[in-house]
Amino acid sequence: MSAGMGPFAEWQALPGNGPKPKVGVRVTCDFPVMTASGAIGILPQYILSTQIRRCSRISMLWIPITLLASLAQVLRNGSQASLTSKIGTLGATQVRFIFGLPFAVLFLIMSLYIFDESIPEITAASISWAFVGAVSQISATALMLVVMHRRAFGVAYAYIKTEPVVVAIMGSLFFGDQLSALGWAAVLVVAMGVLVTSIPPRDFDKLLHERAMIAAGVVSGGLFGLSAVAFRAAIDNVSQGGFIVRSILMLTITLFIQTFLLGIWLAWRERTAFSGSLVEWRRSIGAGFLGALASACLFCALSLTPAANVRTLALIEMPMAALLSGKLAGKKMLGHELAGLILVAMGFLMLLLGATMK
């Protein structure tokens with residue numbers, strides 16, 4: 001790493017060109033910017049570019065950043081839960097987007113000032129991927145809300161939370177992300193832990209027979225997975241700037257897209273949901289801030305490592321939430337919940353070990 005590049009500088013060089021980073025120096029993975037002027041043709045170019053652009057080390061900053069994101073997400077979910085009883089599920093859900101946008105803009109201004117950077121050039125590819133991610137995330141959330149109160153929703157939820165498996169497969173097939181054997185094992189162990197935690201042993205047969213809930217869970221989880229890899233692609237296609245500025249810039253654009261789309265829907269079909277969030281503006285602002293903070297951290301983590309790593313470690317929010325809710329409600333965890341969380345913890349250790357061995 002050359003002198004004067006700063007602590008967040010990224011080594012960018014095609015194989016065979018320029019100096020190689022010294023052994024032991026941790027650098028971030030950065031993929032080349034596409035020159036396509038639109039969405040058509042982006043995917044083949046992106047696959048090609050990611051195959052020829054590699055770095056020798058992945059910054060380990062994604063680990064504490066993801067942990068912070070998970071903590072903020074647990075707190076945000078708690079805020080949204082308190083809003084749900086007052087303004088409904090949809091009203092509480094849209095808060096994370098609409099009330100999160102102003103905080104994302106604030107985070108962007110702060111990052112530009114702190115790191116003394118200007119707004120990077122935004123490419124057509126980055127906008128296209130941000131749009132794909134924004135729509136996928138909204139669609140996945142909407143589907144989850146549709147089945148939330150259905151019978152056997154726990155089955156759908158269990159499959160939704162196997163999202164890291166989908167992310168790992170998508171990242172490997174379409175974007176050239178590479179996980180170690182231990183990384184793949186970690187993803188599968190965590191997914192198994194989620195299934196065990198979510199479903200009591202007496203209901204295991206439903207994991208195979210509740211076809212509607214299985215389909216809903218798989219589709220929703222797949223859309224969440226697509227959003228994660230799309231956000232990573234959007235960040236990677238911003239041509240300039242450090243990873244924090246690039247990440248928060250794309251978060252701001254993504255939230256703008258989501259706010260615009262949700263605004264149209266709410267104005268057309270659910271005006272009471274939006275007006276309710278305005279009445280509860282104090283709580284809505286808190287949930288919006290926590291949502292923006294969680295998303296900013298996740299976007300930063302996605303810029304540093306394959307999306308599967310981030311989405312797998314982010315599931316630490318499950319034991320966080322279980323411990324918090326159990327303590328507040330004075331309830332003990334059931335046997336299957338404890339067994340599942342042990343599997344999840346084992347998967348996390350495998351994931352971190354695999355990451356540090358790279």
Tell me the residue from M250, M192 that is in a helix (DSSP H, G or I) and surrounded by fewer than 22 Cβ atoms within 10 Å (Cβ to Cβ), please. M192
Assess whether S227 counts as being more than 15 Å from V105 (Cα to Cα) and either surrounded by 24 or more Cβ atoms within 10 Å (Cβ to Cβ) or free of Cβ contacts under 8 Å to residues at least 24 places away in the same chain (or both). yes
Determine whether the stretch 162-176 contains at least one residue that is under 29 Å from F107 (Cα atoms), in contact (Cβ under 8 Å) with a residue 40 or more places away in the chain and surrounded by fewer than 23 Cβ atoms within 10 Å (Cβ to Cβ). yes
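Quick note: the coordinates plus some simple rules give every number you see, no bench work behind them. Predicted, not measured: the structure shown is a model, and the values here were computed from it. Virtual Cβ from ideal backbone geometry, glycine too; neighbours counted across all protein chains shown.
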